[in-house]
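To start, the structure itself, in structure tokens.
The values are calculated or read from the model by the stated rules, or taken from the named source; none is laboratory data. In this text, all values refer to a predicted model and were calculated from it rather than measured experimentally. Quick reminder, even Gly has a Cβ in these numbers, built from the backbone with ideal geometry, and neighbours come from all protein chains shown.
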Ligand SMILES: O=C(O)CCC(=O)C(=O)O
């Protein structure tokens, strides 16, 4: 298993290297914190705007219009979310404390189609914390069609800035089994917390 883990890591590093502005941090949180976060998330109300369930904090993102405006402000981030938003700032991962977080729930066979996060809605830095099942995130360069795949392990943090944020599209395939480095594994339930800073329409 140790050898397999090293191989996963090696493959991930090689894949991530293709994309400028992509950083992967394994074990960003402990198992105890992961469990605590999953428990708290499961006590909150879910939105069913999409095929997968989501929770929005700080600001509601309008998926249909692909926009955020002043009237979509929900309020301050709740304490349990803000603790990790602050941590991202304190660790110099974000230049400002993130003020918007979306929790995504992916059941096996659920994914997210290739996209670039809304450019006029959110600042450059985006981070996603993975909880629960591992899954593969795919990247595609829209001009060259070059591809890269990064295995997102539970408790890891993936950071997108620069070309990873503005140029490459990212996605998670809608499937029940992922294959990475020749190894197949069945997906379980994955939750992610994606941290962003909102750009409000009309602000200079
Ligand atoms: O689940 C993730 O890690 C990524 C989520 C994502 O791409 C998004 O919400 O736009």
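Structure above, values below:
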item: Wholly enclosed strands (runs of 3 or more DSSP E) of region 78-186 bearing at least 1 residues surrounded by 14 or more Cβ atoms within 10 Å (Cβ to Cβ) and within 12 Å of the ligand (Cβ to nearest atom); result: 100-106, 112-115, 126-132, 135-140, 147-152, 157-160, 169-172
item: Positions within region 123-146 being under 15 Å from residue 163 (Cα atoms) and touching a strand residue (DSSP E or B) at 6+ places or on another chain (Cβ under 9 Å), in sequence order; result: 123, 124, 125, 126, 127, 138, 139, 140, 141, 142, 146
item: Meets criteria (surrounded by 11 or more Cβ atoms within 10 Å (Cβ to Cβ) and in a loop (DSSP other than H, G, I, E, B)) for residue 41; result: no
item: Which listed residue is part of a loop (DSSP other than H, G, I, E, B), more than 30 Å from residue 144 (Cβ to Cβ) and either modelled with pLDDT of 90 or more or touching a helix residue (DSSP H, G or I) at 6+ places or on another chain (Cβ under 8 Å) (or both), from 27, 49; result: 27
item: Failed item, numbered, when residue 60 is tested on (1) away from the ligand (no atom under 12 Å from the Cβ); (2) crowded, with 16+ Cβ neighbours inside 10 Å; (3) modelled with pLDDT of 95 or more; result: (3)
item: Pair list, Cβ under 7 Å, 6 or more apart: region 182-202 residue at negative phi, other residue away from the ligand (no atom under 16 Å from the Cβ) and in a loop (DSSP other than H, G, I, E, B); result: 186/176; 187/176; 197/96; 201/69
item: Residue tally, condition closer than 27 Å to residue 120 by Cβ and in contact with a strand residue (DSSP E or B) (Cβ under 8 Å, 6 or more places away or on another chain), over region 164-190; result: 7
